[in-house]
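Engineer: Take a look at the following structure, please.
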Amino acid sequence: MFVLAVPQSSFGSGVDAANAAAIRHQEQERLRSQKMYLLRQAEVLKSLADATNIPAEGEKGFVHKLTEKILSNLQLTVKRIHVRFEDTLTFPAKPFSFGFRLDELRTFSVNENGEEGFFVPTADAHGAILTRKRVFLRNAALYWDSKPQLWQDLPFPAMINAFAQTFAGPAVGVSHVVISGRSIPNLV
């Protein structure tokens, strides 16, 4: 995924002063109706929680155990992300760009020996659920360019080619993470 962002006034905002007040009013109404909806949903959830049998403190129900197993084995893979911001308005004589690029980010469950697989959550000596994860990071970079070639001025195929050419380099990092269930709030 490639994203090129520029300040809004680079393209013109399309909003005049007369429409700005109407837009603010519509946004306030939208937020007010969203708050009312969330309040109604909270009331429904509270009434459902009161009406159902909730396990006693210390007992774990089926949904809680299933949630722990799913979260313990959750895998995430993100590949080829590049977000770039170009600014020619703040200092017109000195345009600049900055961005973030990531070739690959993977996280997956591992056992005590660091082997990948599907695992049932285990408890430590104090009863806290332990989740072991490995995080693999390839070619991540933050950059700031004070004399950029502005990609916003390039034709679309050339812009895509410029984005694609940034994914080269040998930097690789691996991290091992153990998460204790005591530090994670109850999600169920």
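Engineer: For segment 120-138, enumerate the residues that are out of contact with any helix residue (DSSP H, G or I) (no Cβ under 6 Å at 6 or more places or on another chain) and within 17 Å of Leu76 (Cβ to Cβ).
Structural biologist: Arg132, Lys133, Arg134, Val135, Phe136, Leu137, Arg138
Engineer: Let me ask you something else. What single numbered condition from (1) surrounded by 12 or more Cβ atoms within 10 Å (Cβ to Cβ); (2) closer than 20 Å to Ile81 by Cβ; (3) polar (S, T, N, Q) fails to hold for Thr131?
Structural biologist: Among (1) surrounded by 12 or more Cβ atoms within 10 Å (Cβ to Cβ); (2) closer than 20 Å to Ile81 by Cβ; (3) polar (S, T, N, Q), Thr131 violates only (2).
Engineer: Right, here's the next one. I want to confirm something. Restricting to segment 78-122 and keeping residues that are small (Gly, Ala, Ser) and in contact (Cβ under 8 Å) with a residue 40 or more places away in the chain, which single residue is nearest to Gln8 (Cα to Cα)?
Structural biologist: My answer is Ser97.
Engineer: Which of the following residues is surrounded by 10 or more Cβ atoms within 10 Å (Cβ to Cβ) and at pLDDT 85 or above: Thr107, Thr122?
Structural biologist: Thr107
Engineer: Name the pairs whose Cβ atoms lie under 9 Å apart, with the first residue in segment 53-77 and within 16 Å of Phe118 (Cβ to Cβ), the second assigned to a helix (DSSP H, G or I) and at pLDDT below 75, and 6 or more positions between them or separate chains?
Structural biologist: Glu68/Gly181
Engineer: Give segment 134-188 a look and list any residue that's exposed (fewer than 11 other Cβ atoms within 10 Å of the Cβ), assigned to a strand (DSSP E or B) and either among the polar types (S, T, N, Q) or at pLDDT below 85 (or both), or say none.
Structural biologist: Once the filter is applied, which keeps residues that are exposed (fewer than 11 other Cβ atoms within 10 Å of the Cβ), assigned to a strand (DSSP E or B) and either among the polar types (S, T, N, Q) or at pLDDT below 85 (or both), segment 134-188 yields Gly173, Ser175, His176.
Engineer: Taking the residues in segment 87-104 that are of a type in the set (Asp, Glu) and within 22 Å of the chain's Cα centre (by Cα) as candidates, determine which candidate is surrounded by the most Cβ atoms within 10 Å (Cβ to Cβ).
Structural biologist: Filtering first and then ranking leaves Asp103.
Engineer: With respect to Glu59, determine if the residue is at pLDDT below 85, closer than 24 Å to Gly127 by Cα and of a type in the set (D, E, K, R).
Structural biologist: In short, yes.
The values are calculated or read from the model by the stated rules, or taken from the named source; none is laboratory data. If you're wondering where the values come from, they're calculated on a predicted model, not measured in any experiment. Note: ideal-geometry Cβ built from the backbone for every residue, glycine included; neighbour counts use all protein chains shown.
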